[in-house]
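Engineer: First the structure, which I've put down as structure tokens, then a few questions once you've had a look.
The values are calculated or read from the model by the stated rules, or taken from the named source; none is laboratory data. In this text the structure is predicted, and so the values were computed from the model without any measurement. Neighbour counts run over all protein chains shown; Cβ positions are idealised from the backbone, glycine included.
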Amino acid sequence: MKALVLELQALGREVWAVSSTSEWLIRTGMKHFGIPSDRVLAAAVAVEDGKVTDKVIRVPSGKGKPQAIVR
């Protein structure tokens, strides 16, 4: 998968990562693929005053994946 992503990027394609896993985890992993954090759409919760809350912002899973991409 990494070879494919790197080849697509070398061809000038914009590659995004879309996952229902925590955005913190996916952003860290995508560094190894050269995918910048602003091209990661993953599960996210609100953070207030430096603390994680129970307010879900996004969960790109199932029908939520195309919705996250459209936004």
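Engineer: Considering only the range 54-71, state which residues are surrounded by fewer than 15 Cβ atoms within 10 Å (Cβ to Cβ) and either within 17 Å of residue 25 (Cα to Cα) or of a type in the set (Phe, Trp, Tyr) (or both).
Structural biologist: Listed by number, the residues that qualify are 56, 57, 61.
Engineer: Okay, moving on. Within the range 27-44, which residues are crowded, with 17+ Cβ neighbours inside 10 Å, out of contact with any Ser or Thr (no Cβ under 6 Å at 6 or more places or on another chain) and either small (Gly, Ala, Ser) or touching a residue at least 40 places away in the same chain (Cβ under 8 Å) (or both)?
Structural biologist: Passing the criteria: only 44.
Engineer: Sort out which residues of the range 45-61 are free of Cβ contacts under 8 Å to residues at least 40 places away in the same chain and not β-branched (Val, Ile, Thr), and write them in order of number.
Structural biologist: Within the range 45-61, 46, 48, 49, 50, 51, 54, 55, 58 qualify.
Engineer: So how many residues does the range 24-53 have that are among the acidic types (Asp, Glu) and modelled with pLDDT under 95?
Structural biologist: Residues that pass the stated criteria total 1.
Engineer: Same structure again: Inspect all residues belonging to the range 6-26 and state whether any of them is touching a residue at least 12 places away in the same chain (Cβ under 8 Å) and at positive phi.
Structural biologist: no
Engineer: What's the total number of residues in the range 17-71 that are of a type in the set (D, E, K, R) and under 17 Å from residue 1 (Cβ atoms)?
Structural biologist: 3
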